1. Could you count how many residues in region 100-143 are touching a residue at least 40 places away in the same chain (Cβ under 8 Å) and more than 24 Å from residue 200 (Cβ to Cβ)?
2. Determine, yes or no, whether residue 142 is modelled with pLDDT under 95, among the small types (Gly, Ala, Ser) and buried (at least 17 other Cβ atoms within 10 Å of the Cβ).
3. Among (1) in contact with a strand residue (DSSP E or B) (Cβ under 8 Å, 6 or more places away or on another chain); (2) over 22 Å from residue 10 (Cβ atoms), which single condition is residue 29 missing?
4. For region 4-105, give me every one of the helices (runs of 4 or more DSSP H) that falls completely inside it and has 2 or more residues that are in contact with a Phe, Trp or Tyr (Cβ under 7 Å, 6 or more places away or on another chain) and farther than 30 Å from residue 123 by Cα.
5. Kindly check whether there is at least one residue in region 176-194 that is outside any helix (DSSP H, G or I) and more than 16 Å from the chain's Cα centre (by Cα).
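The values are calculated or read from the model by the stated rules, or taken from the named source; none is laboratory data. Everything numeric in this text was worked out from a predicted model, so none of it was measured. Note that we place each Cβ from the backbone using ideal geometry, even for glycine, and neighbour counts take in every protein chain shown.
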Amino acid sequence: MAKQLRIFVPPHPLIQHWLGIARDAAAPPKVFRQTMAELGKWLTYEAIRDWLPTVEIEVNTPVAPAKATFINPQTPMAIVPILRAGLSLMEGIQSVLPLETSIYHLGLVRNEATLEPSCYLNKLPDRIPPESLILIAEPMLATGGSLMFALNELVTRGADHSNIRVISIVAAPPALQKLAIAYPDLQIYAAMIDETLNDQGFISPGLGDVGDRVFGT
C-alpha cells in the first residue's frame with residue numbers, strides 16, 4: 001500500500017483556544033509570542049506521543065524498588081526552526097522535550113514576487129545520522145516552498161524523511177498537495193487547515209506574517 005501524507009489536527013480545546021487568540025489581529029506582540037509558545041508546546045506534545053523510544057529502568061521510591069519508563073537518552077534528536085517565524089515555537093517545543101536536543105537554525109526569506117524561498121543562514125550539519133528524530137518548526141504552510149527546501153537539505157545530509165515530523169500552526173492545501181507528492185510519509189501536526197491563499201501567497205484567514213507579529217516589526 002502506498003504511503004500517504006498524514007496531517008494531524010488534534011481536537012484539543014487548549015489548541016483551539018490559543019489558535020483563536022493567535023488569529024486576533026489586535027493581539028500585541030507579547031501576547032502573540034506567548035500564544036505561539038503555547039501552541040508549540042501542545043502540538044509538540046501530540047507529535048511525540050508515539051514517537052520517542054523508551055527504556056525501562058528500576059528506581060528506588062521512598063518505599064520500595066519500582067520499574068520506571070524513561071525516554072531513551074541515546075536517541076539522537078534535533079529541532080530545526082525555520083527563521084524567523086519558527087523561533088516563535090521554540091520555547092514551547094523545548095519545554096516539552098525531556099532530551100538534550102540539537103538545534104539547527106535555517107534562515108529562509110521568501111521572494112514576494114515569485115513566492116520562492118532563498119537561504120540566508122544554514123546551520124545544518126554536514127552529516128545527519130539517519131536514525132535522528134527531527135522536528136521542524138514552521139508555523140505557516142502556505143505554498144510549502146520553505147518546508148520543501150528544509151526537507152531537501154536535511155535528506156541530502158543523510159536524514160531519513162520518515163523520522164521527520166513538522167510542527168505547524170496553520171496549513172493550506174497548496175502546501176499539503178506539494179508535500180504529499182515529494183514526501184508522502186511525512187507527518188505534520190497543525191492547529192488548523194485553512195481553505196486558501198490570497199493573491200500575496202498568505203494563508204487566508206491565517207495569522208498574517210508570523211515573524212512580523214512576533215517581533216513587532
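1. Just the residues of region 100-143 that are touching a residue at least 40 places away in the same chain (Cβ under 8 Å), to begin with: 106, 108, 110, 112, 115, 124, 128-129, 131-143.
Within this subset, residues satisfying the condition of being more than 24 Å from residue 200 (Cβ to Cβ) are 124, 128-129, 131-135.
Matching residues across region 100-143 total 8.
2. Numbers: modelled with pLDDT under 95: yes; among the small types (Gly, Ala, Ser): yes; buried (at least 17 other Cβ atoms within 10 Å of the Cβ): yes.
Yes; evaluated as a whole, the condition is true for this residue.
3. (1)
4. Values: elements: 13-23, 29-47, 90-96.
In region 4-105, the matching helices (runs of 4 or more DSSP H) lie at 13-23.
5. Within region 176-194, the first condition is being outside any helix (DSSP H, G or I), and the residues that meet it are 183-194.
If we keep only those that are more than 16 Å from the chain's Cα centre (by Cα) too, we end up with 184, 194.
Yes, because at least one residue in region 176-194 is outside any helix (DSSP H, G or I) and more than 16 Å from the chain's Cα centre (by Cα).
Residue-wise test of (1) buried (at least 20 other Cβ atoms within 10 Å of the Cβ); (2) over 17 Å from the mean Cα position of the chain (by Cα).
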site: 40; (1), (2): yes, no
site: 59; (1), (2): no, yes
site: 72; (1), (2): no, yes
site: 84; (1), (2): no, no
site: 96; (1), (2): no, no
site: 111; (1), (2): no, yes
